[in-house]
Amino acid sequence: MGERKGTNKYYPPDFDPAKHGSLNGYHKTHALRERARKLSQGILIIRFEMPYNIWCDGCKNHIGMGVRYNAEKKKVGKYYSTPIYRFRMKCHLCVNYIEMQTDPATCDYLIVSGARRKEERWDMAENEQILTTEREEKEKLETDAMYKLDHGGKDRQKLTKALPSLSEIQDYQAGWKDDFQLNSSLRRKFRTEKKVMAEQEEKDNAVRMRTNLSIPLLPEREEDKKLAALLTYQTPDSYEDKKHSKRKEISSRSWFTSPSSSAPPGSAAGSLLHKLGLQGKGAAVAKALGSSHSPLIRRRSAKDEDGAKVTQSEDAATAGGHKEALQGRTGEKVTCSASLTSLVADYSDSDSDSEPRQSSPSRTSTE
C-alpha cells in the first residue's frame, strides 16, 4: 500500500526526475515488488481463486471452489483477439502442481494437468432449456439458405408446442400487473385478519388466566367440540351431601373397639404391648397377651365399714364373666393374686395415692 500514497515519500538529494522517472526507477525495483520477480520470463504472480471443485492428482484430496492460491500467470495464446492465460499453482496439501487455463470459447476454465474436475456442470439440453447458438451454427445459418429454412421449421414446431405454457405464464403475469391494487387488497385483508387475531388472543388470555396456564392454546376444531360435549365433569353428589354423609358415618361409628378383638400392630396399644414384651416381663405376660381373651385386669382399692383398707382384683378377661375378690378384715393378712399375670391398671382413690405402690401383679394389704 506504500506505493499508493502520495505523501511521506523520501526523495534523496541525487534524485533526478528526468533521469530516474520515479522512486522505483531510482531504486531499480518494480512497483509490484515480489510479484514481478519472474516478469522477465513473462510470468506475473497473482492471487488465483479456484473456479470449481476439483480432485488433486497428487494427494487425491478434494479442493473446493473458492480456495485461493498464489499462481503464476502466463500468456500462452489467443482465441481470435482474446488472450488465453495459463495459471500454475502448488497444491496446499501436497507438492503437486496444478495447471489451468482460460477457455474464451466456452467462457470457462480448463484443467491442463495436475487435477481433474468434479462434474457438476449444468446441461441445458438435458434440462430442456433454450440452447445458445454455437459459432459454427451461426455461420451456417448465414451462408446456407436451405439449412436456414429447415432450422426455421424446427423453431416453429417448438413454438407450437410451447404456446400453451407461454399463454399460461402471460395470464399469470397479467394478474400481477396492477401492483397498487394488489397491495391495497393485501393490506385490507391483513387488517381484517389482525382484528380477528387480536380478539382470539384476548379470549385465549382469559382462558389462561382462569385455568392458570402458561402454554399457547391451539384453535378449536369440530372434533374437539364433539368430544367435549360427550364428557361430563360433574359428580353425582354435591359437596353438602358428601359432608352430611361423612358426618352421619362418624356419628354412627362405635367409639370403642370390640373387647374380643386384639389390638392392631400399628396402634398405640399394640406398640405398648410390643415394648413390654421386649422388656422381658415374663413368658406368662407374653402368653397372656397373645391369648384371645382381653388381658386387662382392673384393680380397685376401697374401705369397708370398719375403716380397713381392702384390695380387690378383678379379672375382666374371663369368658363366663366370673369375678374373684378377696377382702381382708382387721388383724387378717390377705393376699390377692390373679390367675393370669397380665397388665394391671390402677383405679385407686385419691387418698391411696399417698401410699407406696408395688410393681408386682399381686398386692398385699395389711390393716
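The values are calculated or read from the model by the stated rules, or taken from the named source; none is laboratory data. Bear in mind that the values here come from a model prediction, so they are computed numbers and not experimental data. Don't worry about glycine lacking a Cβ; one is built from the backbone with ideal geometry, like all the others, and counts go over all protein chains shown. Each accessible area value is taken on the protein alone, full model and side chains, heavy atoms only, with ligands, DNA and RNA left out. Shrake-Rupley method; radii C 1.70, N 1.55, O 1.52, S 1.80 Å.
In segment 22-117, taking the dipole from charged Cβ atoms about the Cα centre, the farthest positive-side position among SER81, ALA31, VAL112 is held by ALA31.
Percent of accessible area on segment 22-117 owned by carbon and sulfur, 1.4 Å probe?
Working: 3000 of 5980 Å².
Ligands and nucleic acids excluded, carbon and sulfur give 50 percent.
When +1 charges are put on Lys and Arg Cβ atoms and -1 charges on Asp and Glu Cβ atoms, the dipole computed for segment 88-239 relative to its Cα centre reaches about 520 debye. The separation of segment 113-179 from segment 13-78, counted between C-alpha centres, amounts to 41 Å. Using a 7 Å offset from Cα along Cα-Cβ at TRP55, what residues in segment 107-127 end up with backbone N under 11 Å from the label point? Of the residues in segment 107-127, 116-119 have backbone N under 11 Å from the label point off TRP55.
Once the 1.4 Å probe is applied to the protein heavy atoms, segment 22-117 comes out at 62 Å² accessible per residue. For the residue pairs LYS78/LYS118; LYS195/LYS225; LYS28/LYS75; LYS118/LYS148; LYS28/LYS73, alpha carbon separations beyond 30 Å are given by LYS118/LYS148. For the pair ASP237 and ARG135, a Förster radius of 56 Å applied to the C-beta separation gives a FRET efficiency near 0.05, rounded to the nearest 0.05. Per-residue extension of 0.36 nm, minus the Cα-Cα distance of GLU168 and ALA229, leaves a gain of 17.0 nm for this segment.
Between ARG121 and LYS248, what is the FRET efficiency for a Förster distance of 56 Å, r being their Cβ-Cβ separation, to the nearest 0.05?
Working: r = 92 Å, r/R0 = 1.65.
The value I calculate is 0.05.
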